[in-house]
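Quick notes on the structure that follows.
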Amino acid sequence: MQLLYPRKPVQPFGFRKQPFPKSLQVRKKDGRIEPFLLSKIEASVVAAGSDTGEYSEAGAQGIIDGVINVLRSDLRDRRLVTVLEIRNLVEPAIAKAGYFATAKYYILYGTHKGQRKDTWQIREPVLADHSLAVVTKRYVRTDMKGRPVESAGQMLWRVARSIAKAEIAWGDERDVERTAREFFDRMVNFRFICSGKAMFEAGNDGGTGQLSACFVLGIEDSIAAIFKTLGEAALVHKNNGGTGFNFSKIRPRGDKVKNVPGAASGPVDFLQAYSAALSKILQGAKRQGGNMAILNADHPDLLEFVKIKATDGNIKNFNISVGAPDAFMEAVVKGKPWNLTNPRTGEVQKTMKASELFWAIVEFAHKTGDPGMIFLDRLEQDNPTPTLGKLDATNPCGEQPLLPFESCNLSSIVLSSHLRRKKADDPFGWEVDWDELGRTVRTVIRFLDDMIEANTYVLPEIERIVRFGNRKIGLGVMGFAHLLYRMGIPYNSSLAVQMADHLGKFIQKEAEAASLELAKKRGVFPNFDMSFYSGTSERYRNATMLTIAPTGTISLFANCSSGIEPVFSLLTTRRTFYEDDRKNRPTKSLTIVDPVFSEVLEAQIASRPLSVTREDVFKHLSKFGHLLGLRGLPKRMRDVFVTTHDIDWPWHVKIQAAWQKHCDNSVSKTINFRQGASARDVREAYLLAWRLGCKGITIYRDGSKTDQVLNLAEAKVPRSMGEKASREGTACPECGSELTYSEGCATCANCGYSYCKV
């Protein structure tokens, strides 16, 4: 019997090599007569369960015992039997054990037999050195000693095959094989990459099976409910997920509890309790999971909440944001008063000027990077199922507004891999390959819908609303800055904003078409009749489709710029691991030049003499990370190859807003400020983001924390893993290399360490 996928030889239970019964023979499809071997049946049953994921090799024993009983009964007096007859006996035995998908899969197992030999095989992706280091450390399976047991290509095939197994629910094994290859081909050529969480977990026997990275959990105003939610969050974190919460239903500090005045702790105390408890759960035995805490702008404890990160190190495993309705923002602009209301009683507890509250938010964001803002009415505008609840919370990095128990299932298109040459003699002569981009969008929508089926759900409430409810997915992008580089478009320009708008519109259109097509065969999402699509022709398979997530580590794997962020620096330093140190500490440094900049620079040097040498360029970049102040390069290069701190903050906001127009979920983006930016600049950024229709905003001012995670050229890095960094957070806690900060995440280009882990 042909096995569809390359795998190590299965070691079946029993190893019965003798014929059973001894006189029984099997007629093959080609007419050959062979002895009947029970070991082949055992192997096929084990392999079928492995392919569908319904049972493990150990779990196959009971099924095999049942199959043996059937064969002994039905074949007892036979001397010759065909392969088809055997399948027709084994398949009901598998179904009788309750494994219906495997039974269906098994009966179709041999359809490829006798066809032309298939020459398709696993291929290895082309990887930069740091990409190989990241995939080896983060995503491939390892043995008990941490040594890789699969290559990058084998890892991608593992993921593609595992996700494509869901296709059996709507087709046969030919659909599984075809779809798995399609998924693999798109990933191995870096057309798209799934989330790092799914890349490690999918098909990994040593993982948890939880493919979703982030979740939202609801909090009600009672001790029992508060700690029930904390317990649910602990389970999510144990399975390597992150969580988001809105604490606004909790009564304020000093409120009455069971007629006892002044007894209530308030949401900030419970936030700190959550932080302390969840910080004890180390994911992968290395790091804490990420979290988001939101408090609405009308809560009486808002000022206490806003100031919570004034002390460095406080609740470091939480991002915090203020949930602001349009009414609050309008009151700020118009100078009106604002009521702070007790959520328990609905009574106004205090009235303040909205502008004073807003200024407190701005000042602490300027000082510490927190809080961000979530614009609640803008979230609710795109809520596809408003009758099921309001969207008032997001996942840890803010890109996915979710109802309680919903999760985000993510993958990102590599935009810079969807270009084609327009002018061979122009280093910036590239254009978007729209046909290829459309094919990738359709593939990823299918991939993500399959991911929902392949997922393991740690809580039944999660499966109920994710798989059997809204089926939300999050198709995102990365490599946007590199796409602009190749096309010769400065990030800080109207052309870049137009390109973001054009790309977003196209991807949205293709994604919706793909979801409509899936729904024709698989059905609309189960909560369709409770959604705002009910009664329309927009019969989608998925309630939401587009999300722009942080892609810190997977963008290192794909060797492209992260998300929709600009390139942070044209040159970074990577500390490398060498075997000449007994403790495997990084003993040497490797300078990495941005791949697109390097390509264009070499083309310029080859085409015409420059008044500046390659060494001069690298020396300047090693000090500053950007081209400002460097003479001798063509003006167009200096204009195009801008980096994070070359770009004034309004362009950051405008780019985010352009993408947000076409994302039914949200956008993870950091609005970076230079160190000298004022609090008033931050204020204007928050207002502009609201006016332009962003669903939220996160800012980071360079140098605003003593545990700075953003490393400029002058940042001191430990000479070895054993040497302490000059400031906490300036170096990767795993390997000592430099960290960069964007999209709300700190990421290490050396080993792939990331605070957000998406």
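Can you tell me how many residues in region 623-640 are in a helix (DSSP H, G or I) and either surrounded by 16 or more Cβ atoms within 10 Å (Cβ to Cβ) or among the aliphatic types (A, V, I, L, M) (or both)?
4
Got a sec? Which of M478, M545, M530 is in the same structural domain as S151 (by TED's automatic domain parsing), over 30 Å from V432 (Cβ atoms), touching a helix residue (DSSP H, G or I) at 6+ places or on another chain (Cβ under 7 Å) and not basic (K, R)?
Checking each option against the conditions leaves just M530.
Cβ-Cβ under 6 Å, sequence separation 6+ or interchain: first residue in region 603-620 and farther than 13 Å from M637 by Cα, partner of a type outside the set (G, A, S). Which pairs?
Final answer for the pair search is H620/L630.
Of I226, I163, which residue is outside the structural domain of G53 (by TED's automatic domain parsing), modelled with pLDDT of 95 or more, closer than 20 Å to P396 by Cα and crowded, with 16+ Cβ neighbours inside 10 Å?
When all the criteria are applied, what remains is I226.
For residues that are buried (at least 21 other Cβ atoms within 10 Å of the Cβ) and either charged (D, E, K, R) or touching a strand residue (DSSP E or B) at 6+ places or on another chain (Cβ under 9 Å) (or both), tally how many sit in region 173-182.
1
Restricting to region 487-512, what's the tally of residues that are buried (at least 23 other Cβ atoms within 10 Å of the Cβ) and either of a type in the set (A, V, I, L, M, F, W, C) or out of contact with any Pro (no Cβ under 6 Å at 6 or more places or on another chain) (or both)?
Count: 5.
For V236, all conditions in the list (1) surrounded by fewer than 20 Cβ atoms within 10 Å (Cβ to Cβ); (2) of a type outside the set (D, E, K, R); (3) in a helix (DSSP H, G or I) hold save one; what is the number of the exception?
It is condition (1) that V236 fails.
Every residue, every condition in (1) aliphatic (A, V, I, L, M); (2) assigned to a strand (DSSP E or B), yes or no:
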residue	(1), (2)
N240	no, no
G244	no, yes
S248	no, no
P252	no, no
A264	yes, no
L271	yes, no
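Within region 135-144, can one find any residue that is among the β-branched types (V, I, T), touching a residue at least 40 places away in the same chain (Cβ under 8 Å) and part of a loop (DSSP other than H, G, I, E, B)?
No: zero hits.
The values are calculated or read from the model by the stated rules, or taken from the named source; none is laboratory data. Keep in mind the model is a prediction, meaning the values are calculated, not measured. Cβ atoms come from the backbone with ideal geometry, glycine included; neighbour counts cover every protein chain shown.
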